[in-house]
Amino acid sequence: MAPTRKSHQRVPGPWLQSLNELVHTAPVSFVAYGIFWAFILIVASPAVGIVLLFVTVLRLCWYAVSGRHATIDTTDKQLAIVVTGCDTGFGFSLAFEMASKGYVVFAGCLNKESMKQYEGHSNIFPLKMDVTKEDEVKNAAVVVNKWINENTTAELTTTSPRLLHALVNNAGIGSGGLIDWLDISVFRKDMEGLVAAGFGSTYHGSKFAAEGFSICLRHEMDAFDIDVITVNPSFHETPLTDKMPQVCKDTWNNLDPKVREEYGEEFFAQAYRIAVDLPADVMWSAKNVVDALVRSLTLVSPPSEYQKRV
């Protein structure tokens, strides 16, 4: 007889084991499931609703007296913000919005042509910055450091102190298609862009990676009293989402003919409708995200996370 294997885990006794087996066996399983949720909805839910209403009133009162809605005073200093991905979309709108509020914005652009749209604006300094190229990121850091250490510039003549207020990691790209349709190079390209459904495995995978990284960074920076804030949008009208229909079609058309035959045109049409057409019906304005970004940059005590409701 083989020796009995010892374990440090506390295994439930035979009575609990038998009960667990019983409640996972039909019809007891679905009867127990129904009774459980009936109790939750009929008895527990009203009580939870009352408690939640009470907590909401308390939070509203606390918000009114806590000063969390107060914004940062910029009258005696120059605050700079570095924003990546300012070619179009959220980054483009955020750059102009923050500049209009008196902040100095260093707008990182992937393409040199995009830098021209900021010409003539005294508070916006465009930078050529591909976030996947370390030399361009370091060059951008040199430019920002130089601005901080200079007392005056031709555009801004002042003796007020200059500070780097925030870095907005906005740059990102996205590819469309099922996992089976995408080459590993596509995953690598999207992941290296540091940007958290079907047809968007590379894009959404990188989003989750960025979210996890931000949570870790938040814990590490807490010791230095530096905030790390994440803004998690849903579907919004941007040039990135505008390109998705064509991106998905290109991915399908560039597939090996054998793979397309395995899936069939009918499958692609249905998948395209779910991944592209349906989200287009609930596409929110990009202004919601830009407003959330502005709040995270201007509030004295912003929340650490703006959830997917934006």
Problem set entry | Among the listed pairs Lys133/Lys207; Lys101/Lys138; Lys112/Lys287; Lys101/Lys128; Lys133/Lys249, those beyond 21 Å (Cα-Cα) | Lys101/Lys138; Lys112/Lys287; Lys101/Lys128; Lys133/Lys249
For this session: Calculate the spin-label point distance for Lys133 paired with Ile40, positioning each point 7 Å from the Cα along the beta-carbon direction, and give it in nanometres.
Result: 5.3
Seminar exercise, completed: Once Arg162, Arg218, Arg273 are ranked on solvent-accessible area with the largest value leading and a 1.4 Å probe, the list reads Arg273, Arg218, Arg162
For this session: Which order do the peptides 227-236, 26-35 take when ranked by the mean count of other beta-carbon atoms within 10 Å per residue, highest first?
Result: 227-236, 26-35
Exercise. What ranking of Glu237, Glu261 comes out by heavy-atom accessible area, probe 1.4 Å, highest first?
Worked result: Glu261, Glu237
Exercise. How many nm is it between the label spots at Met221 and Asn145, if each spot is 7 Å from the Cα in line with the beta carbon?
Worked result: 1.9
Exercise. Residues with amide H under 5 Å of Phe106's amide H, sequence separation 5 or more or different chain, H placed in the peptide plane at 1.01 Å from N; which?
Worked result: Ile81, Val82, Val83, Phe125
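The values are calculated or read from the model by the stated rules, or taken from the named source; none is laboratory data. All values derive from a computational prediction rather than experimental measurement. Here Cβ is always computed from backbone atoms with ideal geometry, including for glycine, and neighbour counts include all displayed protein chains. Surface areas here come from the heavy atoms of the whole protein model, side chains and all, with no ligands, DNA or RNA. Shrake-Rupley method; radii C 1.70, N 1.55, O 1.52, S 1.80 Å.
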